[in-house]
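The structure appears right after this line, and notes come after that.
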Amino acid sequence: MPVESDFLVLGSGIAGLICALRCARAGRVVLVTKDRLPESSSRYAQGGIASVWSPEDSFESHIADTLAAGDGLCHRDTVEVVVREGPERVRDLIALGTNFDLLAEVFRDGNLVGSGELDGVPGVGPGFNNAKERVIALALASPGTDPICSGDRYNRNFIDYGPDNIERFLRVKDDGKPAVIFAAHLANWELPAVIAASDGLDSVVLYRRPNLGAIADAVIALRRGIMGDLVASSMGAPVTLARALEQGRHVAMLVDQHYGRGVEVTFFGRKCMANPLIAMLAREIECPIHGTRVIRLPGNRFAGEISPEVAPVRDAEGRIDVAGTMQAITAVVESWVREHPEQWLWLHRRWR
Ligand SMILES: Cc1cc2nc3c(=O)[nH]c(=O)nc-3n(C[C@H](O)[C@H](O)[C@H](O)COP(=O)(O)OP(=O)(O)OC[C@H]3O[C@@H](n4cnc5c(N)ncnc54)[C@H](O)[C@@H]3O)c2cc1C
């Protein structure tokens with residue numbers, strides 16, 4: 001059957017599709033490809049597009065790199081055009097709605113670039129006003145390419161655990177015992193879980209599933225594999241967590257939320273309700289309790305901490321007292337907030 005059109009475009013890669021979009025402004029387009037429409041190198045190219053964005057970068061260096069990589073096969077005049085027009089073409093793609101991941105701009109040669117350098121990065125939306133937040137969000141999104149998850153705890157560029165914390169971490173990891181680990185909404189409460197997983201601590205992390213299903217699925221997909229096993233809070237979660245502890249694993253959770261059916265604790269001199277789950281697990285399994293946090297430092301850096309064992313409060317029979325132990329844990333959280341009040345980011349009605 002004959003097909004009529006004004007334009008015939010061959011290939012459904014990025015070049016063909018851009019061409020088809022442009023031609024469609026002027027007439028009818030038929031796009032012919034040798035396979036299914038998505039089948040193209042463009043679909044598999046996920047490493048980003050190298051282009052000159054920073055004032056510290058230069059067309060000359062990109063041209064030199066490309067010629068060197070081409071090892072004599074490149075025509076210099078073609079390389080010049082491709083490199084010099086690169087930023088404009090990337091802007092075209094952004095204008096068309098291409099959703100670039102920003103990681104390549106955030107880390108250069110494996111190092112974190114300064115926040116100033118992020119300013120000119122295209123596609124950095126208003127939702128990411130704080131360069132540090134952007135850096136960490138992106139770092140978490142791509143564990144293979146950032147220094148957080150390098151696996152070398154002594155050479156992380158921007159998280160320093162210090163010898164005491166490393167020693168404690170290794171003890172918790174290697175002592176063959178389970179442990180419960182609490183955190184609070186301070187600075188960045190996801191990094192400790194990422195570090196722990198990257199350094200081989202066998203952990204199970206309790207999380208609250210976001211209300212929007214699609215977002216929840218995306219968040220979980222993003223974090224799976226970089227944060228230990230994630231267990232959504234549910235009626236069955238306590239049993240799952242207890243089983244994990246029985247197997248000698250480590251269970252981590254945030255403890256500074258209001259929990260209406262919880263136990264009463266004093267936090268900053270006022271009564272509030274705390275979720276007793278972590279103390280109940282410690283009581284059930286008789287395992288050590290540690291806290292963990294990171295502290296934001298100037299220059300996009302963090303100090304990481306795993307606390308010494310928090311001594312649980314015990315009842316007359318010597319068993320862990322849940323309410324008393326939750327108070328002991330809450331006191332640690334309060335001391336963290338007092339130390340860096342500006343880093344407590346849990347904006348909800350804690351006292352009600
Ligand atoms: C695994 C991989 C990773 C890559 N990573 C990166 C990266 O990180 N950054 C980067 O800048 N570049 C990367 N590249 C290179 C990049 O993919 C290409 O430079 C770019 O996609 C080329 O776009 P294109 O539209 O010219 O070709 P393609 O995307 O390859 O599209 C060619 C199209 O032509 C069709 N076609 C071919 N022959 C015929 C025919 N005879 N008849 C009809 N149709 C035909 C194909 O089916 C396809 O639809 C990568 C390439 C691969 C394969």
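Scanning the stretch 31-79 for residues that are within 7 Å of the ligand (Cβ to nearest atom), surrounded by 15 or more Cβ atoms within 10 Å (Cβ to Cβ) and of a type outside the set (Gly, Ala, Ser) returns a single hit, Thr33. When the stretch 10-30 is filtered for residues that are touching a helix residue (DSSP H, G or I) at 6+ places or on another chain (Cβ under 6 Å) and either away from the ligand (no atom under 11 Å from the Cβ) or free of Cβ contacts under 8 Å to residues at least 12 places away in the same chain (or both), only Val29 remains.
Could you give every pair whose Cβ atoms fall below 6 Å, whose first residue belongs to the stretch 40-66 and is outside any helix (DSSP H, G or I), and whose second residue is within 13 Å of the ligand (Cβ to nearest atom) and hydroxyl-bearing (Ser, Thr, Tyr), counting only separations of at least 6 or pairs across chains? Listed by first residue and then by second, the contacts come to Ser40/Ser12. In this structure, Gly269 qualifies as closer than 23 Å to Arg349 by Cα, free of Cβ contacts under 8 Å to residues at least 12 places away in the same chain and over 27 Å from the mean Cα position of the chain (by Cα).
The numbers here are math on the coordinates, done by the rules we state, and not lab data. No experiment lies behind these values; they were computed from the predicted model shown. So basically every Cβ, Gly included, is an ideal-geometry build from the backbone, and we count neighbours across all protein chains shown.
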